[in-house]
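Here's the structure we're looking at; comments come further down.
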Amino acid sequence: MSAKYTNQSKIMSFIEATTNSVIGLMVSMTFTYWGLPLFDIHPSLPQAAGITACYFCLSVGRTYILRRAFESQWFRKVRTLYTLWIMNKKITKIKLKLNVLN
């Protein structure tokens with residue numbers, strides 16, 4: 001049985017992007033504050049928070065934009081055309097091998 005593909009709503013895309021980024025925020029904050037001193041960079045807690053906040057905003061925006069792009073009708077058409085192109089190449093190779101065997 002095949003599952004019917006359903007689009008993800010814009011709000012769910014935003015919730016997914018934000019959840020993913022919040023987890024990244026915690027990892028980033030931990031590394032910025034405790035890991036950067038390993039590279040002889042010693043940010044204060046407010047500096048580490050500022051650096052992490054910038055990356056957090058960039059991450060939410062990037063993830064949301066990519067998610068919406070992958071959900072778009074245009075991208076699905078491109079993906080379908082690419083899949084058909086790959087399948088055509090494989091069929092051509094098989095036909096060539098069959099011709100060699102005959």
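Every number in this text was worked out from the coordinates using simple rules, so none of it is lab data. Source: prediction; values computed, not measured. Reconstructed Cβ throughout: ideal geometry from the backbone, glycine too, with neighbour counts over all protein chains shown.
Listed by chain and number, the lysines whose alpha-carbon sits under 24 Å from that of K10, ignoring those within fewer than 8 places in the same chain, are K77.
The computed Cα Rg over 2.2 N^0.38 Å for the structure shown corresponds, within (1) 1.07; (2) 3.44; (3) 1.79, to (3). Computed from label points 7 Å out along Cα-Cβ, the spacing between K95 and H42 is 7.0 nm. Taking every DSSP helix (H) stretch of at least 4 residues in the chain, weighting each as -39,500 (n - 2.57) and dividing the sum by the residue count yields a mean residue ellipticity at 222 nm of -27000 deg cm²/dmol. For the chain, hydrophobic long helices are taken as DSSP H runs at least 24 Å long by C-alpha position along their axis with mean Kyte-Doolittle hydropathy of 0.5 or more; these are 10-30, 45-71.
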